[in-house]
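K.L.:
Let me give you the structure first, and then I'll get to my questions.
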Amino acid sequence: MSDQELKQEKKRVVVFSGSACSDGQIQALGRELGSELARKGYVVVNGGGPGLMNEVLKGAKSSGGRTFSVQLNKHEREQSPFSDDSVSFTRLRPRQDEMLTHGDAFIALPGGIGTLYEVLEIMALKNTGELEKTPLILLSDHYLPFLEWMNDHKKKGMVPSMWERYYRYAPDIASCIRYLEENL
């Protein structure tokens, strides 16, 4: 599938997640999300790396879905074998810009610094009106401490009062998919 063909797909969901994850429950969540997105006909897009990214793509492929990776080439990073097609970058900023072009919606699974960076970038772009209508879903209780932190900063006037409109929290895959279907 060419980049141009991918951009013409009706529904592309970018899934942000960690490149490392040893928690079996979180890995299963990633595979299940990828599988459910594929069953619903979405093209699953992510960073194509190892860890949870690999699990999401693996789940999508196991259900016959289409996958695409926007990879960051680092000498120590193994790339997922479950991507139908990919583009590669040597620097993070251009890779992130490309990732945004592939998202009709964004879902964030648990992750570390990179995943939080991606979530905050989407929120910042929503704050400036650049991605106002593109859904962002934070999946799992992993995000509850982050949401508490943001609410605390809202009380202190450091976060916009309407920041809750920038995302939707989903405690499970069923509510995540329901919100996605209602907003795409």
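The values are calculated or read from the model by the stated rules, or taken from the named source; none is laboratory data. It should be emphasised that the depicted structure is a prediction, and the values quoted were computed from it without experimental measurement. Quick reminder, even Gly has a Cβ in these numbers, built from the backbone with ideal geometry, and neighbours come from all protein chains shown.
K.L.:
Considering each of 143, 117, 169 in turn, give the residue that is surrounded by fewer than 16 Cβ atoms within 10 Å (Cβ to Cβ), closer than 23 Å to residue 12 by Cβ and within 14 Å of the chain's Cα centre (by Cα). Explain how you work it out, then say what you get.
P.N.:
On the way: 143 fails: surrounded by fewer than 16 Cβ atoms within 10 Å (Cβ to Cβ); 169 fails: surrounded by fewer than 16 Cβ atoms within 10 Å (Cβ to Cβ).
From the options 143, 117, 169, the qualifying one is 117.
K.L.:
Take the residues of the range 128-140 that are surrounded by fewer than 17 Cβ atoms within 10 Å (Cβ to Cβ) and not β-branched (Val, Ile, Thr): which is farthest from residue 159 (Cα to Cα)? Steps first, please.
P.N.:
The first filter runs over the range 128-140 and keeps only residues surrounded by fewer than 17 Cβ atoms within 10 Å (Cβ to Cβ), leaving 128-130, 132-133.
From what is left, the residues that are not β-branched (Val, Ile, Thr) are 129-130, 132-133.
Values: 129: 15, 130: 17, 132: 17, 133: 19 Å.
If we take residues in the range 128-140 being surrounded by fewer than 17 Cβ atoms within 10 Å (Cβ to Cβ) and not β-branched (Val, Ile, Thr), then 133 is farthest from residue 159 (Cα to Cα).
K.L.:
Could you tell me whether residue 66 is basic (Lys, Arg) and either within 15 Å of the chain's Cα centre (by Cα) or crowded, with 16+ Cβ neighbours inside 10 Å (or both)? Before the answer, list the steps.
P.N.:
Values: basic (Lys, Arg): yes; either within 15 Å of the chain's Cα centre (by Cα) or crowded, with 16+ Cβ neighbours inside 10 Å (or both): yes.
Spelling it out, residue 66 is indeed basic (Lys, Arg) and either within 15 Å of the chain's Cα centre (by Cα) or crowded, with 16+ Cβ neighbours inside 10 Å (or both).
K.L.:
If residue 108 satisfies all but one of (1) at pLDDT 95 or above; (2) surrounded by fewer than 19 Cβ atoms within 10 Å (Cβ to Cβ); (3) in contact with a helix residue (DSSP H, G or I) (Cβ under 6 Å, 6 or more places away or on another chain), what's the number of the condition it fails?
P.N.:
Looking at each condition in turn, residue 108 falls short on (2).
K.L.:
Ok, one more. If we scan the range 72-83, do we find a residue that is of a type in the set (Phe, Trp, Tyr) and in contact with a Gly (Cβ under 8 Å, 6 or more places away or on another chain)?
P.N.:
To start, the set of residues in the range 72-83 that are of a type in the set (Phe, Trp, Tyr) comprises 82.
The next check asks that each one be in contact with a Gly (Cβ under 8 Å, 6 or more places away or on another chain); those that pass are none.
No, that holds for no residue.
K.L.:
Take the conditions modelled with pLDDT of 95 or more, within 12 Å of the chain's Cα centre (by Cα) and not small (Gly, Ala, Ser) and apply them to residue 29. Does it pass? Talk me through it step by step, then tell me what you get.
P.N.:
Working: modelled with pLDDT of 95 or more: yes; within 12 Å of the chain's Cα centre (by Cα): no; not small (Gly, Ala, Ser): yes.
It is false that residue 29 is modelled with pLDDT of 95 or more, within 12 Å of the chain's Cα centre (by Cα) and not small (Gly, Ala, Ser).
K.L.:
Please indicate, with yes or no, whether at least one residue in the range 132-139 is assigned to a loop (DSSP other than H, G, I, E, B), under 23 Å from residue 28 (Cβ atoms), at pLDDT 95 or above and under 16 Å from the mean Cα position of the chain (by Cα).
P.N.:
Keep residues of the range 132-139 that are assigned to a loop (DSSP other than H, G, I, E, B), which gives 132-135.
Filter again for under 23 Å from residue 28 (Cβ atoms), leaving none.
No, the range 132-139 has no match at all.
Each row is one residue, and each column tells you yes or no for (1) free of Cβ contacts under 8 Å to residues at least 60 places away in the same chain; (2) surrounded by fewer than 21 Cβ atoms within 10 Å (Cβ to Cβ).
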site	(1), (2)
33	no, no
46	yes, no
57	yes, no
74	yes, yes
82	yes, no
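K.L.:
If you don't mind, there's one more thing I want to ask. Which condition breaks for residue 109 when tested against (1) more than 18 Å from residue 140 (Cβ to Cβ); (2) touching a Gly at 6+ places or on another chain (Cβ under 8 Å); (3) aliphatic (A, V, I, L, M)?
P.N.:
Unmet for residue 109, out of (1) more than 18 Å from residue 140 (Cβ to Cβ); (2) touching a Gly at 6+ places or on another chain (Cβ under 8 Å); (3) aliphatic (A, V, I, L, M): (1).
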